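Asker: Let me give you the structure first, and then I'll get to my questions.
The values are calculated or read from the model by the stated rules, or taken from the named source; none is laboratory data. Everything numeric here is computed off the predicted structure, so don't read it as measured data. A quick note on method: Cβ atoms are made from the backbone with ideal geometry, for glycine too, and the neighbour counts reach across all protein chains shown.
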Amino acid sequence: MPQTRPDRKLGPGHDEFWAWCSKGELRLQRCKSCGGLSWPVIDACEHCGSTELEWEQMSGLGKVVSWCTFEHDYYRGVLPIPYDTIMVELAEGPIFISNPSGFGREDITFEMPVKLAFVDCVDSAGQFSLPVFAKA
Amino acid sequence: MSYMTHFDVPTPDPALSRKAAIVGLGETDFHLDYQAARAKPDGYEAPTSESLAIKAFERALADSGLRREDIDGLGVNFLYGGPSSEEMAKTLGLTPRYTPERGGGICAGPLPVAATAIAEGKCDTIALIFSVATRSIGRTFGGNKMDDGPSSYYYHHPWGWSSQAAHWALIWTHYQQVYGAKEEDLAAVAVQLRQNAMRNPNAVMQSELTVEKYLASRYVVRPLHLFDLCLVNDGAVCLIVRRTDLAKGMAHAPVEIGGWGRASVTRNKMHTLVRERMRTQYQESGRQMLEMAGIGLGDVQHFEGYDASTIHLIDHLEGHGFVEPGQGLEFFKSGKAAIGGTLPVNTGGGILSGSYMHGWSHVAEIVRQLRHEAGPRQVKDVEVSMFSLAQTDQVHPVLFMRGAK
């Protein structure tokens, strides 16, 4: 059974990100002009403003640089509280907010290495693969 | 939500320093209104942003001693909707010749806008009104209803990550790891601000807070406790700003706008916010402000920082350079941030314990302090106060100086 999740932001660009996820790939936008990576999805490069962007596959490796646990039910029961979130610094540089997979708050140490995983989820727009991170 | 960008803040210019001064202050009854909103006695009617705005304006006008016809500018800031400037002018019986299109909903942006307009001759005396019925309209600060503002406010819903609180929570976890701080260390900030609020009869929170009570309080986004996060309450603030040369001989000492700065984060936002704690933006905007005013950071005698969270207030103090990175909590624990300390901070209780007026109540507190009318929480002989607004991707400090009466 896929996990029910709060709605994704969808539309041009966003749909492409999630389409790559459904193929098991984490791809972010790299600027063809300045070479900078941006996340979340953008229309124009956040570094130089260029609209010449390409989807580049990430290695899926990173480290946990911060984390927090939601005890307040902001999503009105969609996600059972408490639940953990992690701030992953990808090997390529960008920060990716995600969830831990197979570990929790008590297991986290600062800058511990993690690797990409996907979990089957569903929101009001349908099923999708959510990028999360497991211990490396 | 009217979200302010740095483009709303005019360029800092030494020629504009001390050319405009706050001469009138009006606030609504934050404490009493909060009590009433909680108790909802028979016949209780929730305030509207308009009713609050009228009350704050009338009080500011009376406080200034000015006549209604002296007001030739009007800026209204209804963060969550309300009447237009034109409608409000009619309601208040004003005929302004200048109404800024949008000075930004959150303070401090509207003050530089007003000071610049006055210097350009667009008006001589402007009433700036900020009003929100945040509690009464049931405004929430996380979850799927967050769908505007910076992308970090809404993009991470599928991972269950949203809310302003979550930004501060990541900062606090990271800070603990980098500097070896403990959860109870942050309590010192909440406890100090509550003590300040208890010397402010209009502060929403009046009961004592202890470290034990702090640690026993529920987590909202762990590691942040309830008392690490700002209040949600209704209210309005009105500031009347006047050309400095017209501000002499009035009821109170004028509070002159000495300088301002602005810097924003345009890329790598979460890295800049959490890993670097916007140090570059604090330093750059602070430098602009001090250059405009022609003074040094050491001349600041009283500091008000936008305390959306306890840890965010630490970001301000360390970012602007009042203390070294990693020393901010000790600054509170040792009493240096207390009234009577080396740099009194958020003397009216801030938005953590005072009133959630999005920066306007911080400036109101500066007005009282620089007038030397802050009663039991007065910072002795204060002449220079600094306010620093910072959100998750921008910093706007404003410097204020006590002018000759």
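Asker: Condition check: crowded, with 18+ Cβ neighbours inside 10 Å and either more than 10 Å from every other protein chain (Cβ to nearest Cβ) or among the β-branched types (Val, Ile, Thr) (or both). Does A:GLY62 satisfy that?
Answerer: Against the criterion (crowded, with 18+ Cβ neighbours inside 10 Å and either more than 10 Å from every other protein chain (Cβ to nearest Cβ) or among the β-branched types (Val, Ile, Thr) (or both)), A:GLY62 qualifies.
Asker: Restricting the first residue to the stretch B:82-95 and requiring it to be under 17 Å from B:CYS123 (Cα atoms), which pairs with a second residue that is at pLDDT 95 or above and part of a loop (DSSP other than H, G, I, E, B) meet a Cβ separation below 6 Å and a spacing of at least six or different chains?
Answerer: What qualifies is B:ALA89/B:PRO96; B:LEU94/B:ILE71.
Asker: Answer with yes or no whether B:ALA165 is facing another protein chain (nearest Cβ under 9 Å), in contact (Cβ under 8 Å) with a residue 12 or more places away in the chain and in contact with a Leu (Cβ under 8 Å, 6 or more places away or on another chain).
Answerer: yes
Asker: Could you tell me whether any residue of the stretch A:106-122 is loosely packed, with under 15 Cβ neighbours inside 10 Å, modelled with pLDDT of 95 or more and within 7 Å of another protein chain (Cβ to nearest Cβ)?
Answerer: Looking through the stretch A:106-122, at least one residue is loosely packed, with under 15 Cβ neighbours inside 10 Å, modelled with pLDDT of 95 or more and within 7 Å of another protein chain (Cβ to nearest Cβ).
Asker: What are the residues in the stretch A:75-105 that are surrounded by fewer than 17 Cβ atoms within 10 Å (Cβ to Cβ), under 23 Å from A:ARG27 (Cα atoms) and in contact with a Lys or Arg (Cβ under 7 Å, 6 or more places away or on another chain), if any?
Answerer: Passing the criteria: only A:GLY102.
Asker: As an exercise: evaluate B:SER51 against (1) in contact (Cβ under 8 Å) with a residue 12 or more places away in the chain; (2) more than 18 Å from B:VAL398 (Cα to Cα) and give the number of the one condition it does not meet.
Answerer: (1)
Asker: For the stretch B:304-352, name all the residues that are hydrophobic (A, V, I, L, M, F, W, C), buried (at least 21 other Cβ atoms within 10 Å of the Cβ) and within 24 Å of B:GLN177 (Cβ to Cβ).
Answerer: B:ALA308, B:ILE311, B:LEU313, B:ILE314, B:LEU317, B:PHE322, B:LEU329, B:PHE331, B:PHE332, B:ALA337, B:LEU352, listed by residue number.
Asker: Hey, can you tell me all the residues within the stretch A:83-105 that are more than 7 Å from chain B (Cβ to nearest Cβ), of a type outside the set (Ser, Thr, Tyr) and under 25 Å from A:ASP123 (Cβ atoms)?
Answerer: Result: A:ASP84, A:ILE86, A:VAL88, A:LEU90, A:PRO94, A:PHE96, A:PRO100, A:GLY102, A:PHE103, A:GLY104, A:ARG105.
Asker: To continue, here is another question. Mind checking which pairs have a first residue in the stretch A:14-27 that is assigned to a strand (DSSP E or B) and a second that is exposed (fewer than 14 other Cβ atoms within 10 Å of the Cβ) and not acidic (Asp, Glu), Cβ under 6 Å, 6 or more apart or different chains?
Answerer: What qualifies is A:ARG27/A:GLN57.
Asker: Identify the residue in the stretch A:16-43 that is within 14 Å of chain B (Cβ to nearest Cβ) and of a type in the set (D, E, K, R) and, among all such residues, is nearest to the chain's Cα centre (by Cα).
Answerer: Ranking the candidates gives A:ARG30 first.
Asker: A follow-up question, please. Take the residues in the stretch B:268-307 that are under 29 Å from A:LEU37 (Cβ atoms) and outside any helix (DSSP H, G or I), then tell me which one is farthest from the other protein chains (Cβ to nearest Cβ).
Answerer: B:MET278
Asker: Given the conditions (1) more than 16 Å from B:HIS167 (Cα to Cα); (2) among the hydrophobic types (A, V, I, L, M, F, W, C); (3) touching a Pro at 6+ places or on another chain (Cβ under 9 Å), report the number of the one that A:PHE70 does not fulfil.
Answerer: (1)
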